[in-house]
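Trainee: Right, I'll just put the structure down here and ask away after.
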Amino acid sequence: MSPIDLTLAFVLAAVPWLAGVRLVMWLAPGESRLPILLGAGGGVGIGAFLLALMTPLRFLPVEIAARGVFILFVVLAIWAAVELHRRRPGWDISSGWSMLVFGLLGVVVVGAAINFASGVWNGATHENLAVRMAMTAHMAAGDWPPADPYAPGVERLYRYTAQGWGASVMRIGGVGLFEAVLAITITSVVAIFGGIFATVASLRSYLFGLFAAAGFVTAAHASFLGLWKAPIGEYSVSRGEILAGLDRELVQGFTGSHGFALLPGNDFTNVVAIAAGFGGAFLTVQLLRGSSARILLAALAAVCFGAMAAAAEQTLPIALATLALLALGCAVRRDWRAALTVTLIAAAGVALALVPQGSLSAIAFGSEVGSRASFGFTPENFLTLPTDAMLYSARTSPFFTVPAEQVRVSFFSPIVLKEFPWVFLAFGLGAYFIFRARRFYLVPFLGMALTAFLIPGLFTDRVYPINIARFTSVGVYLAGLVAGLVAAELWTRSGRYRTAYRAVGVTLMILVMGSWIASAPLWPARLYDTANASLSEDLEVAAFLRDGAYGRRALVLPGPTTLADVITDDWEGQHKFVVAFGATSIPLGLDAYSEGGWYGAHYRRAYDTLDPEAMEALGIDTVVVAPQLLSADQAEMLTRAELDDRLVLDFVSSDGARYVYAYLSDDND
Amino acid sequence: MNISPAKFHTLALAGVWILGVLSWATAFLLPLDWPVSSMTDRSALIPIGPVSEFVVPGQLFGTPEAVSAIDVLIRVGGPFGASTPVGMAVYEDVERTSLVARSGAEPVSVPAGLAVIRFDLDVAIDGNRRFYLELEIPPDNPWPIFVGGTRDDPRRAGDYLYLERRPGWSDQDLAYQFFRRQTGIQRFIHIASVRPEMAWTIVLSLVAVLGMSAGLSLLALRNYGWMTISGAAVALPGLALLALLVWLLL
């Protein structure tokens, strides 16, 4: 990883941000506060950039589309810099608060970078690297639309938009996969913080904006309350060592969803989507506050929501429910024009979400790719939460566990009350402030968090049941935002019980942030142990594979043959580096989102016997081998293939831990 | 006793700076036992034994870096509270030609069974080398003694359990954990040399926390002078860091 590449990646990732500042200055001409302009610019710019990039990819070659969009946004960014210099908007936050906010943002950013990096280099998580970053690498190296890295002849039913941004940074800057995705992830994390701050501060005040943003980015299950149950002293006297091993579980709860701190390491596409979503939220607030540029504001808000949905489809129902609540509120106040505008934003957002290639457009337009999705309406699960989700089910949590066979629990089961006491407190107090203190601005925020929690009780994903818990994850972050708003309301209340209100507010924020605070000092330890014993040699192999023409298809020996294998660090995790950093397909047919059955069956035959028919059907031309990990049968199989001149040694890594063979089929003998 | 505001300011100023300097200096210079390997998972533990002066438990092992203390799991049979002295000897190799370090401890019978026993070595042993250790059970020990073991741990690849000075079961190892006594600054320099990215995250985290502390100090002490505010900004994270290090590692 070179510092120059990293700097370049961050500069390129910042271009949409600065361009977004120009758009905000244009659409909210009365806004002269620099914290608001900078805060909102990130989300607005990211939303606009994503849709601007994905739309021409429908009809232009990828190289032209990426360059054209970058040139446009660089022009906007330069224009923004010139305008900022000319107008000199004021920074009206005191030095103390500024330092506090930037310090907090610094810790959040370091946490995001650590969690992201540990997923790539230390085997902390796998899906980000093995699936989403792999797609990014293939997009950067190949044509459009991208093929599935695990089923290279097939388009995958998946979202492409955030990966498209990462791939464009790689193409334009010539930077590496890690640098590009790290840069867009961190930029998006800061944009989320800024977007929430600017949106809420526009409605209330900077203090409310800070509390809401802090609540969102630090929200996690209250698993720190179970720290006393940690087995410290039982088998190791070192609290540090025990807690470092448990730090993931601290932030993660029994639902298997997790605090926002872990999101950059698990799914960077979600981070990008949420950033764009808060860009849309800011613009909608500006519109409802009576800005003069109504049509343009509505159009750009719809663009942001469309980009958000295209980057992470599960955010769309939450945004639609929120916009519906807003429209309803406007209608109740007989502001028909505002109600109609908000409804149009929602409709246009949905329409624009179908423009980028990806899962939503595939499903909506009834293509063969879209037919692989299967959702069910399951109201019998109403007011329940899934217990099993994502990669790290909380059944591994030493603190709060549910029986292994119990896949759903009621909202009001003891385990939920223990894990999410602050969610109930925040929702209850939020409702109190709405009805008793007429704080109607809370309604959409409360509505979006509630929607996210309710959806898993109404719908199921029949292909990947686990996916429905993604709503719960987003619900946790949004509930953190609501908790922040409620805490700010409590903090700013006056009267006899002021101290009591403040105490409740502080308690609420401690419950929201406790796990995040408890785990933060242990984050650096996540970078210590690597699961990849031959990491430098894996990167040598990746560089060798990447240097050749794009389109290689590899058999990895020993390596994964199923999805469950792919998302592990077994076999020293070599497959992840082949498919992601090497931009080489491993045609094992990951799942039902591609032609998983056909690829899986053929790959298994190729893996077990180097069966020529299967190898040819899959188009495998490369075999990547970790010789020290081979079983005796596998070693013999390779020796036989070498003697038969079907395998030719192409590359040996520096310490001999990795070999790359060219596979010669009968056709290219 | 009346203290004038000026005197109070001076005292506050001196207090925060003394606290700040002391806390950071202690955090950096206090020697602590840093775990340099992990203890076996609870679920993977097996008892090995009974061991004795004849059935001597030994282990061939490699060190990830220099080691100054080794924890092993020992169960002393007999009534709770009964104890027996156990020695540890570390040799260059399994032939025991050269003694490298020695230690002793007195494990006690506890209800939990296997208990973590710390052996502080009289001399720190080198890193990235292989050694052989033996537990020495005294001949007059009246209680049955078991040691904690583990089976098929990939992190113990190349290690080997010995019983009666002969190779034991090939898939078993003693469960152990290594510690290295270092000051915070020594540990940081080591981490910076082997895991620079980890060192960077530590530095950046400290800078961010110092920023937060500066902001808080500025807000809370805005009527005091810059020296008091900067002293509090330094002292707050220093005290927090010291408390954290002591709680995690001491």
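What follows is calculated from the coordinates using simple rules that are stated; it is not laboratory data. Because the structure is predicted, anything quoted here is derived from the model rather than measured. When we count neighbours, we look across all protein chains shown, and the Cβ atoms used for this are built from the backbone with ideal geometry, even at glycine.
Trainee: What is the average number of partner chain Cβ atoms found within 10 Å of a Cβ in B:197-207?
Mentor: Details: counts 9, 9, 2, 5, 11, 6, 2, 7, 10, 2, 4.
Neighbouring Cβ atoms belonging to other protein chains average 6 per residue here.
Trainee: On a full-extension model of 0.36 nm per residue, what is the gain between A:Arg88 and A:Ala331, subtracting their alpha-carbon distance, rounded to one decimal in nm?
Mentor: Length difference between fully extended and current span is 83.6 nm.
Trainee: Using alpha-carbon pairs under 8 Å, 6+ residues apart, how would you state the relative contact order of the range A:535-663 in percent? Don't skip to the end; give the middle numbers.
Mentor: Numbers: 204 pairs, mean separation 36.3, N = 129.
Worked out over the range A:535-663, it gives 28 percent.
Trainee: Mind checking which helices in chain A clear 20 Å along their axis (Cα) and have mean Kyte-Doolittle hydropathy of 1.6 or more, DSSP H runs only?
Mentor: In chain A, the long hydrophobic H runs are A:3-27, A:34-54, A:95-121, A:177-203, A:268-288, A:294-311, A:315-332, A:336-353.
Trainee: Let me ask something else about it. What does the charge dipole of the range B:35-182 about its Cα centre add up to, to the nearest 20 debye, if the Cβ of each Lys and Arg holds +1 and the Cβ of each Asp and Glu holds -1?
Mentor: My answer is approximately 260 debye.
Trainee: Moving on to the next point. So for chain A, averaging the separation of alpha carbon pairs under 8 Å that are six or more residues apart and normalising by length, what relative contact order in percent results? Show your work: numbers first, answer last.
Mentor: Working: 1303 pairs, mean separation 115.8, N = 669.
Over chain A, the number comes to 17 percent.
Trainee: Along Cα→Cβ, 7 Å out, is where each label goes; now give me the distance between the ones at B:Ala44 and A:Phe375 in nm to one decimal.
Mentor: Distance between label points: 4.3 nm.
Trainee: Now for a separate question. Take the alpha carbon gyration tensor of the range A:535-663, find the square roots of its eigenvalues, order them as a ≥ b ≥ c, and report rounded if a/c is under 1.5; if not, report prolate when a/b exceeds b/c, else oblate. Walk me through the numbers on the way to the answer.
Mentor: Details: a/c = 1.37, a/b = 1.12, b/c = 1.23.
Since a/c stays below 1.5, the shape of the range A:535-663 is classed as rounded.
Trainee: Determine, for A:Arg88, A:Arg493, A:Arg159, the number of other Cβ atoms within 10 Å of each Cβ, and report the residues in order from fewest to most.
Mentor: A:Arg88, A:Arg493, A:Arg159
Trainee: Right, next: In terms of the Cα gyration tensor, with a ≥ b ≥ c the square roots of its eigenvalues, is chain A rounded because a/c is under 1.5, prolate because a/b exceeds b/c, or oblate?
Mentor: Prolate, since a/c reaches 1.5 and a/b exceeds b/c.
Trainee: Now for a separate question. Under 17 Å from the Cα of A:Lys418, which lysines turn up, not counting those fewer than eight places away in the same chain?
Mentor: Qualifying lysines at Cα under 17 Å: A:Lys229.
Trainee: Shifting gears a bit: For the ranges A:655-665, A:190-200, B:65-75, what's the packing order if you count other beta-carbon atoms within 10 Å of each residue, average per peptide, and put the highest first?
Mentor: Top to bottom by mean Cβ count within 10 Å: A:190-200, B:65-75, A:655-665.
Trainee: Counting other beta carbons within 10 Å of each residue's own, what order do A:Glu616, A:Glu572 fall into, fewest first?
Mentor: A:Glu616, A:Glu572
Trainee: Another question, if that's okay. Determine ³J(HN,Hα), in whole Hz, for all residues of the range A:576-593 in sequence, where each value follows from phi through the Karplus function 6.51 cos²θ - 1.76 cosθ + 1.60 and θ = phi - 60°; x replaces Gly and Pro.
Mentor: 3J(HN,Hα) across the range A:576-593, in whole Hz: 5, 6, 5, 6, 9, 5, x, 6, 10, 6, 10, x, 9, x, 4, 6, 6, 6.
Trainee: Note the angle between two axes, namely the Cα long axis of helix B:5-29 and the longest principal axis of the Cα atoms of chain B, as a number of degrees from 0 to 90, rounded to the nearest 10.
Mentor: Relative to chain B, helix B:5-29 is tipped by roughly 20 degrees.
Trainee: Sorted from fewest to most neighbouring beta carbons within 10 Å, what does the list A:Glu489, B:Glu53, A:Glu127 look like?
Mentor: Fewest to most other Cβ atoms nearby, the residues stand as B:Glu53, A:Glu127, A:Glu489.
Trainee: Which value, in debye to the nearest 20, describes the size of the charge dipole of the protein assembly as shown about its Cα centre when Lys and Arg Cβ atoms bear +1, Asp and Glu Cβ atoms bear -1, and nothing else is charged?
Mentor: In total the dipole reaches around 5740 debye.
Trainee: Taking the DSSP beta bridges in chain A as the whole, what percent of them are antiparallel, to the nearest 5? Write out the running numbers ahead of the final one.
Mentor: Working: 17 of 23 bridges.
If I count the DSSP bridges inside chain A, around 75 percent turn out antiparallel.
Trainee: Also, quick follow-up: Using the charge dipole of the range A:177-316 (Lys, Arg: +1 at Cβ; Asp, Glu: -1 at Cβ; taken about the Cα centre), state which of A:Leu300, A:Leu262, A:Ile274 has its Cα farthest towards the positive end.
Mentor: With unit charges placed on the Cβ atoms, the residue in question is A:Leu300.
Trainee: Quick check for me: using +1 on Lys/Arg Cβ and -1 on Asp/Glu Cβ, what's the dipole size of the range A:535-663 about its Cα centre, in debye to the nearest 20? Spell out each step's value before the answer.
Mentor: Numbers: 9 positive and 22 negative charges, 55 e Å.
Its charge dipole is roughly 260 debye.
Trainee: Tally the DSSP beta bridges in the range A:535-663 and give the antiparallel ones as a percent, rounded to 5.
Mentor: Counting only bridges with both partners in the range A:535-663, antiparallel ones make up about 65 percent.
Trainee: Which FRET efficiency, nearest 0.05, do A:Phe102 and B:Glu95 yield, Cβ-Cβ r, R0 60 Å?
Mentor: Result of the calculation: an efficiency of 0.50.
Trainee: Now for a separate question. Among B:Gly87, A:Ala244, A:Leu360, whose Cα projects farthest towards the positive end of the dipole of the protein assembly as shown, with charges put on the beta-carbon of Lys, Arg (+1) and Asp, Glu (-1)?
Mentor: Of the options given, the answer is A:Leu360.
Trainee: Using Cα pairs closer than 8 Å and at least 6 residues apart in sequence, work out the relative contact order for the range B:35-182, in percent.
Mentor: 41 percent
Trainee: Given axes a ≥ b ≥ c from the Cα gyration tensor, I'd like to know whether the range B:35-182 is rounded (a/c under 1.5), prolate (a/b larger than b/c) or oblate.
Mentor: Because its axes are fairly even, with a/c under 1.5, the range B:35-182 counts as rounded.
Trainee: Would you kindly state how much longer the chain becomes between A:Glu63 and A:Ala549 on full extension, computed as 0.36 nm times their sequence separation minus their alpha carbon distance, in nm to one decimal?
Mentor: Length difference between fully extended and current span is 173.3 nm.
Trainee: Among A:474-482, A:323-331, how do they line up from the highest to the lowest mean number of other beta-carbon atoms within 10 Å?
Mentor: Those peptides, ordered most packed to least, come out A:474-482, A:323-331.
Trainee: With the dipole of the range A:549-669 worked out from charges on the C-beta (+1 for Lys and Arg, -1 for Asp and Glu) around the Cα centre, which of A:Ser654, A:Ala617, A:Leu664 lies farthest toward the positive end?
Mentor: Towards the positive end, the residue furthest out is A:Ser654.
Trainee: What residues qualify as long-range amide H neighbours of A:Glu313, i.e. H under 5 Å apart, gap of 5 or more or another chain, H built at 1.01 Å from N?
Mentor: Distant-sequence amide H within range of A:Glu313: zero hits.
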